[in-house]
C-alpha cells in the first residue's frame, strides 16, 4: 500500500488525483500538460486541435462513478448538466459529443492506439501504455 501511495505522490503534486481521476493520452502525444480551461474547452467542444494542428479526439467512459468524478473535478458540472449541455449542442447542430466507451478497458485500448485521443481513467488503472497529462 505504501508503495502505491509513493508511486502516486508525484501525480498528486500536480493536482491530477481528486477522487482518483487522471487525464491520459497516447505516449506519442507531445502534450505534457493542459490548463484546466483548455481541458474544459476540449470536453465542451470549444477546443478542437492539439498544438501541432492535429484534431483532438476526446473520449469518455460510461462508468457513472468515474464520469461523475471527472465532471465534478475538471468541468465543474454534474452528469445531468453535462448531458443537458450536449443535448443542446446536438439539437442545434453545433457538435458531436466525445466518443463514449462502455468500459475503462475499451477506452484505454482506444487511447493506446490513437495518438490524438485524450481521456480519463481511475488513478488505480494500469497506466502502462498511457501518458498522464498534468492539469494545471
Practice prompt. Binning at 5 Å from 0, report for region 44-88 what percent of all alpha-carbon pair distances ends up in each bin.
Written response: 5, 19, 25, 23, 15, 10, 2
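Using only DSSP helix segments of four residues or longer, with each worth -39500 (n - 2.57), what per-residue ellipticity at 222 nm results for the chain after dividing by its residue count and rounding to 500?
Rounded to the nearest 500, it is -11000 deg cm²/dmol.
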Worksheet item: In what sequence, highest mean first, do 61-74, 111-124 appear when ranked by Cβ atoms within 10 angstrom?
Response: 111-124, 61-74
Item to complete: Give me D for the chain in µm² s⁻¹, whole number, from Stokes-Einstein with Rh from the Kirkwood sum over alpha-carbon pairs, 10 °C and 1.306 mPa s.
Response: 105 µm²/s
Worksheet entry | Ranked by how many other beta carbons lie within 10 Å on average, peptides 24-37, 86-99 from highest | 24-37, 86-99
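A short reminder: the numbers here are calculations on the coordinates, not readings from a lab. The shown structure was predicted, so the numbers you read here are calculated from the model rather than taken from an experiment. Backbone-built Cβ (ideal geometry, glycine too); neighbour counts: all protein chains shown.
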